[in-house]
1. Considering only the range 302-339, how many residues are open to solvent by 80 Å² or more (accessible area, probe 1.4 Å) and touching a Gly at 6+ places or on another chain (Cβ under 7 Å)?
2. Among what's in the range 144-167 and is hydrophobic (A, V, I, L, M, F, W, C) and under 13 Å from Ile125 (Cα atoms), pick the residue that is most open to solvent (accessible area, probe 1.4 Å).
3. Quick one: in the range 289-326, of everything that is in contact with a helix residue (DSSP H, G or I) (Cβ under 6 Å, 6 or more places away or on another chain) and assigned to a strand (DSSP E or B), which residue is farthest from Val110 (Cα to Cα)?
4. Sort through Lys65, Lys115 and tell me the only one that's assigned to a loop (DSSP other than H, G, I, E, B), modelled with pLDDT of 90 or more and at negative phi.
5. Looking at (1) crowded, with 18+ Cβ neighbours inside 10 Å; (2) more than 22 Å from Gly244 (Cβ to Cβ); (3) touching a residue at least 60 places away in the same chain (Cβ under 8 Å), which one does Gly174 not meet, given that it meets all the others?
6. Only one of (1) at pLDDT 85 or above; (2) open to solvent by less than 60 Å² (accessible area, probe 1.4 Å) fails for Phe298. Which number is that?
7. Run Lys342 past the list (1) modelled with pLDDT of 90 or more; (2) open to solvent by less than 40 Å² (accessible area, probe 1.4 Å); (3) within 22 Å of Tyr180 (Cα to Cα) and report the number of the one that doesn't hold.
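The values are calculated or read from the model by the stated rules, or taken from the named source; none is laboratory data. Because the structure is predicted, anything quoted here is derived from the model rather than measured. Quick reminder, even Gly has a Cβ in these numbers, built from the backbone with ideal geometry, and neighbours come from all protein chains shown. The protein model used for the area step is the full one, side chains on, heavy atoms only, and it has no ligands, DNA or RNA in it. Shrake-Rupley method; radii C 1.70, N 1.55, O 1.52, S 1.80 Å.
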Amino acid sequence: MSEQKRVPGRIRGTGTRRKKPSRRRRAKVITAWSVAGAVVVGGAGLGYAYVTLDGNLSSVDIDAKLGTDRPDDVDDGSQDILVLGSDSRSGDNGKYGADEGAARSDTAMVVHVDKGHKSASVVSIPRDTLIDRPACESDTTGEEVPAAHRAMFNTAYEVGGPACAVKTVESLSGIRMDHYVEVDFAGFEKLIDELGGVEITTKTAIHDSKSHLDLEPGTHTLDGEESLGLVRTRKSVGDGSDLGRIQLQQAFIKALLEQAKTVGVFSSPQKLFGLADAATKALTTDSGLGSVKKLTGFANSLKGLGADDVHMVTLPVEYDPADPNRVLPQEEAGKQVWAALKQDRPIPASATEKSAGDKGEAGKLVR
């Protein structure tokens, strides 16, 4: 049985009154809450929040699963993080559709934080991208899953879980991922509700029966369910592909960063705890971020990042001539993108100007 929470000043069974905490102890408590608040604000640009309660957070030892056959670990202060949104329909996620088997990575972003932690580049990888998937270990049976040619990118997570997703991204980019963060549908919705919603202005109507989103032109404060609908919308925007949805996701993240600045987490411990509780229940991380100490230390270094400091692009792709529902990486343009991240410099505009994902129709629907 869990221990009952004690309220300061409450009369105990002995008839004595609990002593008020010392000034030094109160200062430590305030400092702890402030650090946690910095995690919420600073981590929002990396896939929603980096705050944790150890009892809620799940973690995966990516390093142990992948071993040493990986790109070099560049120790220059920069950070590369793979952020995935899981489309599992198990548990609380069941209301978003039937569970048709293993989960897939519905959303994938490589986040590069520069060595000074003053700016970040985000590269979205379309889930329908056809890639050469490396051999991976199944996270359910432990058996090796053979490498595959022309496999959809999101099948890496399906067959081998987080470690296979990381291995696939490292194979595609040549960049070692320092960290891994995963968020699920139900957790994302609850986190947005705890934030009090996110303000979005739509320039045209968005009506999507698949994501259950109905928005007229104008400014809206989206709750968790509506926000989830927006980032999952695809059929009614752009060309109806995953490329349009990515544009909406990028616009939403920009709005989320702005919203995080207005949340009074420092003045409201109750609000801060609600955010921490929702975020940690939503997240799965690598073991390097799998504790309060590690997470808060990392996220506190990112608290200066704002929406204007984050540059978001989509991996340069082109439609597959053999299947218009799939896309292929543009090899030379992709090399420019990954080289920029490796060299810790901004991604050149020329790298994405001829990409099918650079049309921007969906992104122009909101501001």
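1. Looking only at that region, the number is 1.
2. So, considering only residues that are hydrophobic (A, V, I, L, M, F, W, C) and under 13 Å from Ile125 (Cα atoms), the one most open to solvent (accessible area, probe 1.4 Å) is Met152.
3. Tyr319
4. Lys115
5. Here Gly174 meets the rest and fails (1).
6. (1)
7. (2)
For every residue, the table says whether it meets (1) free of Cβ contacts under 8 Å to residues at least 60 places away in the same chain; (2) in contact with an Asp or Glu (Cβ under 7 Å, 6 or more places away or on another chain).
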position: Ser291; (1), (2): no, yes
position: Asn300; (1), (2): no, no
position: Leu305; (1), (2): no, no
position: Val313; (1), (2): no, no
position: Glu318; (1), (2): yes, no
position: Glu332; (1), (2): yes, no
position: Ala339; (1), (2): yes, no
position: Pro346; (1), (2): no, no
